[in-house]
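Participant: Before we start, here is the structure in question, set down as structure tokens.
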């Protein structure tokens, strides 16, 4: 079975218009075109079709095959290129639970469409990703619902003397689906091996299992550097488990272009593959695809596709956990103070995709403490626009010894921090709230963190963020053109 190296996603972190869309906001049939563009123009192997937090078209297979017949005659959907669904997790998003059921019911219908199109039994969709996984039970429910409810009803006889449902509407294919956990919070990431092991054993998974490690939401919760360390531990545990149970486990890393969300863009794919050698699939989000020249994007995709995953960088969990906790504690204190400003400013960040309101893990994790934040992309875009790179939050607490430990297992640490620090506007720091938990101001803490690396300030971006801060302070309003211009200089919205 071919496991994709590249996955195009619908994360709205781009600032430039997609080349196939007349509008800045991608919606409706534009997303069908986007999937085709990712396959045919960028040569990305897999497209994520996202039902979580947004309205999505569950007739996607029919539309792809009918609108782009020539391409899909050459590249079979489900064999040469892949379509993977991300669905809501009813355990967390109760009001979205029926969307999960509707989506699962649509999978056999898509198989019928593909069978007619290809004249043979081809399953175009056979994997679904479940977000915010904290327990193997969530995964098992989805797998078993599909088998016991969606497929098993083909044997159902509706009344005495009638024939089975399958002889009326046809058989249901596939007979089972693969369920991919998307793990997003620290406790679950640190026990990703336990979650996966219980699931694959009880469901008797064969051939392989994919595991998706989130990058953005953990960073929103615990800070960017903490998240990298958490990911390293999780990847080590997944690799060790694969060896233990003799089952290939293929990690997916959900990385974005902003340094806070992964610093994964077409110009530094080699560095990321060195950073995460055991990752099988990298997510190519909207900024990766649309904020760079298409030629550069295609070259980056080709490079990823032509390489193979390897063993992870070895890490010792016990030496990293105190550092993770230390950064996360200071980061959380700073975020508590900055949250009102971020929430107030976030409404000026331009939308790039129609999405429903979704509070994300930070909201779920912190509601008891009275803090909620916008989603990670808007969060990042707000702070970058104000001249405060979020990567610097939480780092002022680190000792030289701890920094040395981080650098030893995080080769891109300095490069990632430099990419962020060049966006710091020290002149704006005076306007940020004063820290009430410590005698020091946030400005002092951020400047201390920025001193960890030497970098040259991006002067044009600094000019934009000064204008943005002045407009916001004076009018409590910011022209979208300023935010967009600064974002274009960065190469991503947030």
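Participant: Given 79, 1, which one is assigned to a loop (DSSP other than H, G, I, E, B), modelled with pLDDT of 95 or more and under 29 Å from residue 121 (Cα atoms)? Walk me through how you get there before you give the answer.
Facilitator: Numbers: 1 fails: modelled with pLDDT of 95 or more.
None of the others qualify; the one that does is 79.
Participant: Related question: All but one of (1) part of a loop (DSSP other than H, G, I, E, B); (2) under 24 Å from the mean Cα position of the chain (by Cα); (3) surrounded by fewer than 20 Cβ atoms within 10 Å (Cβ to Cβ) hold for residue 89; which doesn't?
Facilitator: If we test residue 89 against (1) part of a loop (DSSP other than H, G, I, E, B); (2) under 24 Å from the mean Cα position of the chain (by Cα); (3) surrounded by fewer than 20 Cβ atoms within 10 Å (Cβ to Cβ), just (3) comes out false.
Participant: Cβ-Cβ distance below 7 Å, separation of 6 or more or different chains: which pairs start in the range 141-155 with a residue that is without any contact (Cβ under 8 Å) to a residue 12 or more places away in the chain and end on one that is crowded, with 19+ Cβ neighbours inside 10 Å and in a helix (DSSP H, G or I)?
Facilitator: From residues that are without any contact (Cβ under 8 Å) to a residue 12 or more places away in the chain, there are no pairs.
Results for (1) assigned to a helix (DSSP H, G or I); (2) in the same structural domain as residue 328 (by TED's automatic domain parsing); (3) within 22 Å of residue 321 (Cβ to Cβ), shown as yes or no for each residue.
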{"position": "240", "(1), (2), (3)": "yes, no, yes"}
{"position": "244", "(1), (2), (3)": "yes, no, yes"}
{"position": "251", "(1), (2), (3)": "no, no, yes"}
{"position": "257", "(1), (2), (3)": "no, no, no"}
{"position": "267", "(1), (2), (3)": "no, no, no"}
{"position": "271", "(1), (2), (3)": "yes, no, no"}
{"position": "297", "(1), (2), (3)": "yes, no, no"}
{"position": "301", "(1), (2), (3)": "yes, no, no"}
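Participant: Counting only residues that are out of contact with any strand residue (DSSP E or B) (no Cβ under 6 Å at 6 or more places or on another chain) and more than 19 Å from residue 102 (Cβ to Cβ), which one in the range 133-151 is surrounded by the most Cβ atoms within 10 Å (Cβ to Cβ)?
Facilitator: 136
Participant: Return only the number of the condition from (1) surrounded by 22 or more Cβ atoms within 10 Å (Cβ to Cβ); (2) in contact with a helix residue (DSSP H, G or I) (Cβ under 6 Å, 6 or more places away or on another chain); (3) in a helix (DSSP H, G or I) that residue 228 does not satisfy.
Facilitator: Every condition holds for residue 228 apart from (2).
Participant: Quick check on this structure: which one of 154, 102, 96 is touching a strand residue (DSSP E or B) at 6+ places or on another chain (Cβ under 7 Å) and part of a helix (DSSP H, G or I)? It would help to see each step written out before you state the result.
Facilitator: Details: 102 fails: touching a strand residue (DSSP E or B) at 6+ places or on another chain (Cβ under 7 Å); 96 fails: touching a strand residue (DSSP E or B) at 6+ places or on another chain (Cβ under 7 Å).
Residue meeting the stated conditions: 154.
Participant: When residue 48 is evaluated against the numbered criteria (1) buried (at least 16 other Cβ atoms within 10 Å of the Cβ); (2) modelled with pLDDT of 95 or more; (3) part of a loop (DSSP other than H, G, I, E, B), which criterion, by number, is the only one it fails?
Facilitator: (3)
Participant: Please go through the range 22-36 and give me each residue that is free of Cβ contacts under 8 Å to residues at least 60 places away in the same chain and either surrounded by 17 or more Cβ atoms within 10 Å (Cβ to Cβ) or closer than 18 Å to residue 82 by Cα (or both), ordered by number.
Facilitator: Passing the criteria: 30, 31, 32, 33, 34, 35, 36.
The values are calculated or read from the model by the stated rules, or taken from the named source; none is laboratory data. Since this is a predicted model, take the numbers as computed values, not measurements. For neighbour counting, all protein chains shown are included, and Cβ atoms are generated from backbone atoms with ideal geometry for every residue, glycine included.
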